Amino acid sequence: MPKLYFDIAHTLAGSLVLLSFVMLYQRRLGALVNVLALHAVVLALSVAWQAHIQGLPHLYITAAIALVFKAIVVPMALRRMIVMLGIHREIETVTGIGLSMLAGIGLVALSMAVMLPATAGVDPVAREDIALALSVVLIGLLLMVTRRNAVSQVVGFLSLENGIVLAATGAQGMPLVVEISVAFSILIALIVIGIFLFRIRERFDTVDVQALDRFRGERR
Amino acid sequence: MLTALLLCAVALLAVSVLAVLGYGGGRRGVAGGAVATTLVYGGCLAVSALAFVLALAALLGGVTAGLTVPLGLPWLGAHFRLDALSAAFLVLVTLGAAGASFYALGYGQHAEAPMRVLPFYPVFLAGMLLVPLADDAYAFLLCWELMSLASWALVLAEPRPEENARAGYLYIVMASFGTLALLLAFGLLAGPEGHYAFAEMRGAERTPLTSALVLTLAILGAGSKAGLVPLHVWLPLAHPAAPSHVSALMSGVMTKVAVYAFIRIVFDLVGQPEWWWSIPILTLGGSTAALGVLHALMERDLKRLLAYSTIENIGIVFIGLGLALAFEASGYRAAAALALTAALFHAFNHTLFKSALFYGAGAVLTATHGERNIERLGGLIHRMPVSSAAVLVAAMAAAALPPLNGFVSEWLAFQAILVSPDLPQWGLKFLIPTVGMLLALAAALAASCFVRAYGIAWLGRPRTAAAAEAVETDRFSSAAMLGCAALCVLFGLFPGLVIDALAPVTEGLVGARMPAQLGQAWLSIVPIADSRSSYNGVLVFLFIVASAMMAAAAIHRFASRALRRAPPWDCGFPNLSPSMQYTGTSLSQPLRRVFGPVVFRSREHVEMPLPGSVAPARIVRQRQDLVWEFLYLPIGRAVGRATEVLNHLQFLTIRRYLVFVFLSLVLLLLGLGLWS
């Protein structure tokens, strides 16, 4: 039943984009991390579905990695960090929420406009996947750019990485080794960033990156 | 034979390593330096002499060979090839290298810091030896850069801090620019599939626009190395800054390697030329010849004067190349062969006489403890008779006087210009005679330039104590100079030897050759046909000798032979001193008055002292280098402003950088979306 396969894959990838928009909308750190966990769960489902369609068992391992690391370990670590850093307050955004939502919509339109003509002739499942994955990547970047809080920049970075995994699994043929090493590099990045966050907090009593700029004597 | 030549290059590199090891492991200090000097230059001399024999045999024997060495890029390897063109230039390179190494056996012993020269000198030679052999873009550019960087190190070798630092900086900037242009040219030639081997470039199809771009980049890349105006600014600074034997190599040989690169790209790799390609080359060649010699006429620094004269000669070579392109594009293959032969012959001649002149300048530097200003020299012909005789012959060749070799090649260029009315394009019918006028002007000015240089520095009475105490140079240096001068005479008397040796080159490039010269009666040379024109060096030589002897005999017959000593007419000044002689500045004043206001925007005014003051009156001369002022300074200012603006980018916040990354990504995607 190819039509159903396609619809389910499309729905899962679409919900990733939708969850990215939710992150863009979210003002509270705790909720943001929850959405990130959900994002990773949906990613795991999507990857598992791809494994089922393509009949590639090693993608199940990818899905399991996504589920364990990105949906459970990383959000727990982030939540712990938030508690230890004592930052429950709202996130300061650079632009208004509405404006960044509009920008996100524009980015989705852009990635559709770029990717659909570029991948003409490819398997339709992969086509849609890649277009949606590019939207997730772009919205992740937008999240990093429009937030001033360092933790939310980390969240943006992680969601960006989810988009890359989505594209890679859709494209049929990413070796398992690559996926595993990417997962580990993400973990290491998280550790490094976590250490840095604590160091920054120790020094400046805040994780608002504006403080760093003030320290460097920058005009804004 | 190709393998042997490549081994020669490897041997040169080994000599460089040995120089460092030998100096480091052996006795340090003056004695160790002297031993290392002899070893390095002796080794270079042996290797280049061997390579010269090989290259000459390859040229005369018509050897063509290819070889792929598994070095360099892993899937490409390094291709090397020996054909007539590369063999001809290898003869030139190795001859210049052997001469310079022989000269340096004596001259190099005077170096203040030998280890700043010795390791780089063999590398420089190896680079110049490898460039004509390279048969793919990667190997070519690698060897080219080897040559550039080694010569850059040699420019910085002499301890004259601030002057050489500026020369070295300008040189490295211009050399990098030239290599960039060549890199882009090869990129265009290779096409989107990346065929970097020359063999694949030759057959490829190209649009006219691509070919024109390749031509432009070749002019920029090779021209900046050869010293085409307006890319010449580094040359008169960098060439004289190096030790004299290296100056001779840079002027006499390295510029020819650049000419080789130009010929290889434009005549060989690009394919069939368009007729209008000759217009920029002829224009640049003509203005280079005229401007180079005008600068040389104004110059007082002996080595810099020679460097400017190099620019002039490169202009003449490029005029020949432009003519050859014009004829080839219109199908006049015999005329194209004539023009190309003239260009190659002149390149060869220039190597000979410019090497001798730079050796002579080096001998003067050694004898006078570093005096380069011709206004402070004089009377050297009495103190250094052997080297002065060699320099005189070379200067006459540079001034294109018959029966020397410089005259023959310029005469051939004029013969090619005289054929130009046959061309169908009206633009060229007007342009080529104009270029011919510039060439004639350059030849005449070159003669006056060398009369001035020789007359002021070598004739007359010494103007300073340093010049008065000069002594003849060592035997190696004199022998090298005399050898070059003898070759100048030889190829002036028997130019047919060179012309016939160059025939396979022109056959390979333009598909025709000049008529065979060695069979002609009385050893004359005939460029096109007997009925049009011919030249006989031997007859001219005999005529000059006979008429000179007859004049001398007549004078001695009709005048008294008795030696009389009497005070000459002293214009009313009782005490004649050396400072009352003509100076270089005064000798070139009429020409400066004629050309100065236009070409250099020069001004002269007299500063009179106030009434009652005892200060002397002074003549103040000002001249500007218009190319420097209106091309290089604006570019320098623009780069400075741009860096100031871009400098702010170094101090942004992380979020700003992220914004830049994000925006550029979105912009690129937008462009991609709109493009399709």
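Set the Förster radius R0 to 56 Å, insert the Cβ-Cβ distance between B:VAL645 and B:LEU71 as r into 1/(1 + (r/R0)^6), and round the FRET efficiency to 0.05. Step by step, r from the Cβ atoms, then E = 0.85.
With Cα atoms as the point set, the radius of gyration and Dmax of region B:292-537 evaluate to 19.2, 62 Å. Mind checking which aspartates and glutamates have their C-alpha under 14 Å from A:LYS70, skipping anything on the same chain fewer than 8 residues away? Straight-distance partners of A:LYS70: A:GLU161, A:GLU179.
Tell me: how much accessible area in total is hidden between A and B, 1.4 Å probe, Å², nearest 100? Please list the in-between numbers first.
On the way: alone 10840 and 29760 Å², together 39110 Å².
Separately minus together, A and B give about 1500 Å² buried.
Here the alpha carbons of the protein assembly as shown define both size measures, Rg and Dmax, at 36.5, 126 Å.
Shielding by partners for peptide B:652-663, expressed as the average number of C-beta atoms from other protein chains within 10 Å of each residue's C-beta, is 5.
Karplus-based coupling profile of region B:574-580, in residue order and whole Hz: x, 10, 6, 10, x, 6, 8, with θ = phi - 60° in 6.51 cos²θ - 1.76 cosθ + 1.60 and x standing for Gly or Pro.
Going by accessible surface with a 1.4 Å probe and the largest first, B:ILE635, A:ILE193 read B:ILE635, A:ILE193.
Per-residue shielding of A:103-111, expressed as the average number of other chain Cβ atoms within 10 Å of the residue Cβ, stands at 2. Applying the Karplus relation 6.51 cos²θ - 1.76 cosθ + 1.60 with θ = phi - 60° to region A:48-56 yields 3J(HN,Hα) values of 4, 4, 4, 4, 5, 5, 7, x, 10 Hz, where x marks Gly and Pro. Which of rounded, prolate, oblate describes region B:626-675, given a ≥ b ≥ c as roots of the alpha-carbon gyration tensor eigenvalues and a/c under 1.5 marking rounded, otherwise prolate only if a/b is larger than b/c? Here region B:626-675 falls in the oblate category.
Solvent-accessible surface (1.4 Å probe) assigned to B:SER247 amounts to roughly 0 Å². For the pair A:LEU4 and B:GLN624, what calculated FRET efficiency results from E = 1/(1 + (r/R0)^6), where r is the Cβ-Cβ distance and R0 = 56 Å, to the nearest 0.05? With R0 = 56 Å, the Cβ-Cβ based efficiency is 0.10.
Scalar couplings 3J(HN,Hα) for region B:646-652, obtained by applying the Karplus form with A = 6.51, B = -1.76, C = 1.60 to θ = phi - 60°, are 6, 4, 4, 5, 6, 10, 9 Hz; x denotes Gly and Pro. Comparing chain B with the 2.2 N^0.38 Å rule of thumb, its C-alpha radius of gyration ratio is 1.01 (two decimals). Under the simplified labelling scheme, the B:VAL35-B:SER531 pair shows an inter-label distance of 7.1 nm, with each label point 7 Å from Cα along Cα→Cβ. Helix-only arithmetic for the protein assembly as shown: the sum of -39500 (n - 2.57) across DSSP H runs with n ≥ 4, divided by the residue total, places the mean residue ellipticity at 222 nm at -23500 deg cm²/dmol. Averaged over the residues of peptide B:347-353, the number of Cβ atoms from other protein chains lying within 10 Å of each residue's Cβ is 0. Surface composition of the protein assembly as shown: carbon plus sulfur atoms contribute 70% of the solvent-accessible area (1.4 Å probe, protein chains only, all chains present). Taking the centroid of alpha carbons for each part, region A:1-78 and region B:108-158 are 60 Å apart.
Taken as Cα centroids, region B:271-346 and region B:607-676 sit 33 Å apart, rounded to the nearest whole angstrom.
The values are calculated or read from the model by the stated rules, or taken from the named source; none is laboratory data. What you see is a predicted model, and the numbers here were worked out from it, not measured in a lab. Using ideal geometry, Cβ is built from the backbone for each residue, glycine included, and neighbour counts are taken over all protein chains shown. The accessibility values were calculated without ligands, DNA or RNA, using every heavy atom of the protein model including side chains. Shrake-Rupley method; radii C 1.70, N 1.55, O 1.52, S 1.80 Å.
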